[in-house]
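> For reference, the structure I am asking about is given below.
Every number in this text was worked out from the coordinates using simple rules, so none of it is lab data. Please read these numbers as outputs of a predicted model, since none were measured by experiment. Please note: Cβ atoms are built from the backbone with ideal geometry, for glycine as well, and neighbour counts cover all protein chains shown.
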């Protein structure tokens, strides 16, 4: 009898320890903090007090995951306050769902156990349920998985009527019932914590980064992705690839990733489908232990564009050689032919107001432009005081600047693209005034 009692005690201890071990990697403290702040904010019209409550109850008590959400999605106090004031019906309807985050540990841990079986080298990561500013349902940063609970825990019953014109994609996203997809999303984001960090590069590398995470989540979780881009992509693969090949070496992602920008397909995130289908082809044709195929996909160097090009070339996903596609792309990239009223790299530019004209080699797609810091950073940036835009020929761009005397100015032109979708090589304007 004593032995039986002892065994029962040991079994109970084992399961209690197991629960503590798995659940300690999931944090929901920011949800309570947010609603404490919310209740105080909506109880007053004093904007100074509202800002004070947000700071005291929510921002100052933020977990590491919530601080990460602030940083990587650039969520400002002003945005939180505006969202609270502007969407009262939404917040009233989503409140109960946000607290369901406290019950999701078993679902998430079950998904991670499946991932561990597919990828035994899985490293620990911590999951945080946070409140964002409608900018993401979930993201991964280093060893953290961070859910934007206000978006990931949507379901079709949530009142999104205040989000006119589908603001933040809330209405369309709610129809996909994302609260039912938390376990799958957690696995997807966990894969990102295992990948080598994606630090930029071209569109192809970014699509592989996202598509591999979606594919591995499918194989590990045992469910097909519920993303609309997947089913649409399979039915429209040829016309999608025709457009993708024109832009795959661009440094900007346009509507292909993380964007609801208008496009000819009327679908967002088709880059997920591209990366997913490349990973799927590699996996299906891989000879031997399929877990080694999963390992290869996860451990690709996504920060190395050349390595990704080499991998995709080996998979033979495209009918043409990627080397040939890259050659054609490079030949078709637009260039900058002339800058007025000064020459680039001039050291004797007159200070004062200047009307700057940039002439491109061909007609440009005027929807795209990029002005970034040069190597000297913000202190020496050539700031635009008035962006006038393209002239009728769509080859000449005009803007105004104010130049102080005896100073070096830089601006890096990026993301400008021609009608076929090819981007300029990043072009540095670097001048010094008298």
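> How much of the pair distance distribution for segment 21-192 lies past 27 Å, counting alpha-carbon pairs only, in percent?
In whole percent, the long-distance tail amounts to 24.
> Another question, then. Of the listed values (i) 4, 21, 31, 26, 13, 4, 1, 0; (ii) 5, 24, 34, 24, 10, 2, 0; (iii) 4, 18, 24, 23, 19, 9, 2, 1, 0, 0, grab the one calculated as P(r) over Cα pairs in 10 Å bins from 0, in percent from the structure here.
Of the labelled values, this structure produces (iii).
> Something else now. Can you classify segment 110-155 as rounded, prolate or oblate using the Cα gyration tensor, where a ≥ b ≥ c are the square roots of its eigenvalues, rounded means a/c under 1.5, and otherwise it's prolate if a/b beats b/c and oblate if not?
Values: a/c = 3.38, a/b = 1.98, b/c = 1.70.
Verdict is prolate for segment 110-155.
> Cα centroids of segment 243-259 and segment 303-327: how far apart, whole angstrom?
15 Å
> Then there's this: Per DSSP H run of n ≥ 4, the term is -39500 (n - 2.57); total these for the chain, divide by its residue number, and report the mean residue ellipticity at 222 nm rounded to 500 deg cm²/dmol.
For the chain, the value works out to -14000 deg cm²/dmol.
> Okay, next question. Per the Debye formula with a single identical scatterer at each Cα and no solvent contribution, what log10 I(q)/I(0) holds for segment 281-336 at q = 0.24 Å⁻¹?
Scattering profile of segment 281-336, log10 relative to I(0): -1.01.
> Assign one of three labels to segment 234-281, namely rounded, prolate or oblate, based on the Cα gyration tensor with a ≥ b ≥ c the square roots of its eigenvalues; rounded applies when a/c is under 1.5, prolate when it is not and a/b is larger than b/c, and oblate otherwise.
On the way: a/c = 1.45, a/b = 1.26, b/c = 1.15.
It is rounded, given that a/c, with a ≥ b ≥ c, falls under 1.5.
> Enter the angle in degrees (range 0 to 90, nearest 10) between the Cα long axis of helix 270-285 and the first principal axis of the Cα atoms of the chain, meaning the one along which they spread out most.
60 degrees
> Another question, if that's okay. For a quick check: sort 108, 179 by the number of other beta carbons within 10 angstrom, fewest at the front.
Values: 108 24, 179 21.
Ordered by Cβ neighbours within 10 Å, fewest first: 179, 108.
> Taking a spot 7 Å from the Cα of residue 167 along the direction of its beta carbon, which residues of segment 31-53 have an amide N less than 18 Å from it?
Only 42 fall inside the zone, counting backbone N under 18 Å.
> Right, here's the next one. Taking the Cβ of each residue in 100, 234 as the centre, tally the other Cβ atoms inside 10 Å and list the residues starting with the fewest.
On the way: 100 16, 234 12.
Going from sparsest to densest Cβ surroundings: 234, 100.
> Moving on to the next point. Given N residues in segment 203-273, what is its alpha carbon radius of gyration divided by 2.2 N^0.38 Å? Don't jump to the answer; show the numbers that get you there.
On the way: Rg = 11.9 Å, N = 71, 2.2 N^0.38 = 11.1 Å.
It is 1.07.
> Shape verdict for segment 62-112, please, from the Cα gyration tensor: rounded (a/c under 1.5), prolate (a/b greater than b/c) or oblate. It would help to have the intermediate numbers written out before the result.
Details: a/c = 3.38, a/b = 1.34, b/c = 2.52.
Here segment 62-112 falls in the oblate category.
> Could I ask something else about it? Against the longest principal axis of the chain, how steep is helix 237-247, in degrees 0 to 90 to the nearest 10, with axes from Cα atoms?
Here the helix axis deviates by roughly 50 degrees.
> Tell me the angle of helix 203-221 to the major Cα principal axis of the chain, expressed in degrees between 0 and 90 and rounded to the nearest ten.
10 degrees
> When the Debye formula is applied to the Cα atoms of segment 336-432, each taken as the same point scatterer, what base-10 log of I(q)/I(0) results at q = 0.13, 0.22 Å⁻¹?
Ignoring solvent entirely, the Cα scatterers give -0.42, -1.19.
> Quick one: go through segment 311-345 and flag any residue whose amide nitrogen is under 17 Å from the point 7 Å out along the Cα-to-Cβ line of residue 287.
From segment 311-345, the list is 314-316.
> What whole-number distance in Å separates the alpha-carbon centres of segment 34-60 and segment 350-412?
Using only Cα atoms to place each centre, the spacing works out to 42 Å.
> Show me the three semi-axes of the equivalent ellipsoid for segment 105-183, from the C-alpha gyration tensor (sqrt of 5 times each eigenvalue), largest first, rounded to whole Å.
Numbers: eigenvalues 156, 36, 16 Å².
Largest first, segment 105-183 gives 28, 13, 9 Å.
> Then there's this: Quick one: 184, 70, fewest Cβ neighbours within 10 Å first, how do they rank?
Details: 184 23, 70 18.
Placing the least packed residue first, the sequence is 70, 184.
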